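To start, the structure itself, in structure tokens.
The values are calculated or read from the model by the stated rules, or taken from the named source; none is laboratory data. It should be emphasised that the depicted structure is a prediction, and the values quoted were computed from it without experimental measurement. Methodologically, a virtual Cβ is constructed for each residue, glycine included, from the backbone with ideal geometry; neighbour enumeration extends over all protein chains shown. Note: accessible area is taken over every heavy atom of the protein model, side chains too, but ligands, DNA and RNA are not part of it. Shrake-Rupley method; radii C 1.70, N 1.55, O 1.52, S 1.80 Å.
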Amino acid sequence: HDGKALFTEVNPRFQGSTHASNQLSLENGEACLLLEHLAAWLGMSPQPQQRLSDRVRQIADLAHIVVHWTGEDDALIDPNRLVLDVLAGRRDGRADVLTNRGLVTRRGAVLARLTVRDRVTTTGFDLSPAYCEPIRHFNENQMTISRSGG
């Protein structure tokens with residue numbers, strides 16, 4: 001890309017992004033990956049395919065933001081403030097997965113998976129400040145609370 005070699009990882013399995021990919025396919029009147037997979041197992045002919053670059057230009061923005069607990073210690077965490085802050089002013093965002101505030105969340109565990117109708121990165125390697133700042137702020141506040149025992 002732009003004169004630079006980019007490397008990718010190929011995993012022949014369903015990914016975390018399968019949910020978003022299926023949603024976009026169905027919204028565009030196309031068979032989703034899961035239906036195509038099932039059809040292949042049943043020996044059915046595949047649907048005609050567009051070039052990926054053409055499909056990308058036609059689909060709406062949709063992204064998952066997966067937020068992990070970055071504190072040093074396991075903690076009881078209520079993710080509702082995180083959801084409110086990250087999705088503030090976005091009527092088309094939602095929380096698909098949330099940790100349970102009554103359970104101990106281990107370091108590195110998922111706090112929330114948020115789905116937004118937006119481009120969340122400008123380079124493909126960073127998270128835009130509109131999303132990064134509320135997440136950073138939430139994690140910092142939670143680390144202070146967990147250290148103080150509150």
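Pick from A112, A63: which is touching a Pro at 6+ places or on another chain (Cβ under 6 Å), closer than 25 Å to L33 by Cβ and of a type outside the set (F, W, Y)? Please lay out each step first, then the result.
On the way: A63 fails: touching a Pro at 6+ places or on another chain (Cβ under 6 Å).
After applying the criteria, what remains is A112.
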Would you check if V83 is of a type in the set (V, I, T) and open to solvent by 80 Å² or more (accessible area, probe 1.4 Å)?
no
Do we have L82 as within 15 Å of the chain's Cα centre (by Cα) and within 18 Å of T121 (Cα to Cα) here?
no
Within region 86-139, the count of residues that are part of a loop (DSSP other than H, G, I, E, B) and open to solvent by less than 80 Å² (accessible area, probe 1.4 Å) comes to 17
Only one of D54, D74 is more than 18 Å from the chain's Cα centre (by Cα), open to solvent by less than 100 Å² (accessible area, probe 1.4 Å) and in contact (Cβ under 8 Å) with a residue 12 or more places away in the chain. Can you tell me which?
D74
Return yes or no: is L34 in contact with a Pro (Cβ under 6 Å, 6 or more places away or on another chain) and within 30 Å of R13 (Cα to Cα)?
no
